[in-house]
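Here is the structure we will look at, set down as structure tokens.
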Amino acid sequence: MNRTTTTFPAQLSLLARVALGIAVAAIAALALGAGSAKAAESIGSDLDPSVQPSNAGTAHECNGFEGQTCTWVMGEAYGNPGGEETTKAGTLKQVKLIAGEAGFFKLQVVKTRNDNSSKVVANGPRIVYDGQTDENFDTGEYNVEKFKVDVPVPAGARLAIKTKETSTLRCSSGGDNTLLHQPPLVKGANFLAPDSDDGCWMLIEGKVK
């Protein structure tokens, strides 16, 4: 019996190696992209629809400076203590919040020292939010509002807002969970000690890339 032997040209082996190399490069690129996506950092409070804006169905004024505009600096992040600050420089791309009722604020980004003094490093946009409906309070499923922003931030930055009053709060504790500055902080000024504080947590979360 005669056997037929098929010989593959050397070019085919070369093409196979090239194809394999392209496939490996594509997989590496996908892995790098996935790693970049995972590298997004969350700062501030840990928000989901189960987080209630307790005792904030009506907006709270700046403690000790009622009727006046203050900068409210996040002293402690609700559900995420120690996660108040960015670990590296990047761009704040999204802000999430839970509020008891409708309102608005000017977004600010600050750096805060161990003595609680702060200074503004960036100003963001004006954010207008809707708050909750009666159904949200009845069901315990709370509206988490999301806003696209584009604010460069340095390492060690945390979230702050400038407003006369806000319901983006959870008020079920005490202490200096929120640091208050009146007059409000302005960019370019040096570190300033807070003029007051509030035991409510600020229900605001940021996504930094």
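The values are calculated or read from the model by the stated rules, or taken from the named source; none is laboratory data. Quantities reported herein were computed from a predicted structural model and do not represent experimental measurements. Cβ atoms come from the backbone with ideal geometry, glycine included; neighbour counts cover every protein chain shown.
For the subset of the stretch 195-209 comprising residues that are charged (D, E, K, R) and more than 16 Å from residue 149 (Cβ to Cβ), which member is surrounded by the fewest Cβ atoms within 10 Å (Cβ to Cβ)? Outline the logic, then answer.
To start, the set of residues in the stretch 195-209 that are charged (D, E, K, R) comprises 195, 197-198, 205, 207, 209.
In the following step, the residues that additionally are more than 16 Å from residue 149 (Cβ to Cβ) were identified as 195, 197-198.
Details: 195: 16, 197: 19, 198: 23.
Here the answer is 195.
Inspect all residues belonging to the stretch 137-145 and state whether any of them is touching a strand residue (DSSP E or B) at 6+ places or on another chain (Cβ under 7 Å) and among the small types (Gly, Ala, Ser).
Among the residues of the stretch 137-145, not one is touching a strand residue (DSSP E or B) at 6+ places or on another chain (Cβ under 7 Å) and among the small types (Gly, Ala, Ser), which makes the answer no.
What number of residues within the stretch 141-189 are part of a loop (DSSP other than H, G, I, E, B) and at pLDDT 95 or above?
Selection size over the stretch 141-189: 20.
Restricting attention to the stretch 138-160, report how many residues are among the polar types (S, T, N, Q) and surrounded by 11 or more Cβ atoms within 10 Å (Cβ to Cβ). Steps first, please.
Our first condition is that a residue be among the polar types (S, T, N, Q); within the stretch 138-160, this holds for 139, 143.
After this cut, where a residue has to be surrounded by 11 or more Cβ atoms within 10 Å (Cβ to Cβ) as well, the list is 143.
Count: 1.
Keeping to the stretch 172-194, report how many residues are surrounded by fewer than 18 Cβ atoms within 10 Å (Cβ to Cβ) and within 18 Å of residue 58 (Cα to Cα).
Total satisfying the criteria: 2.
Determine, yes or no, whether residue 131 is assigned to a loop (DSSP other than H, G, I, E, B) and either under 16 Å from the mean Cα position of the chain (by Cα) or modelled with pLDDT of 95 or more (or both).
Numbers: assigned to a loop (DSSP other than H, G, I, E, B): yes; either under 16 Å from the mean Cα position of the chain (by Cα) or modelled with pLDDT of 95 or more (or both): yes.
When the stated conditions are applied, residue 131 passes them.
Please list, ordered by first then second residue, the pairs with beta carbon atoms under 9 Å, 6 or more apart or interchain, first in the stretch 119-144 and in contact (Cβ under 8 Å) with a residue 12 or more places away in the chain, second of a type in the set (Asp, Glu) and assigned to a strand (DSSP E or B).
Note: pairs meeting the criteria are 124/150; 125/150; 127/145; 129/145; 130/145; 131/145; 144/205.
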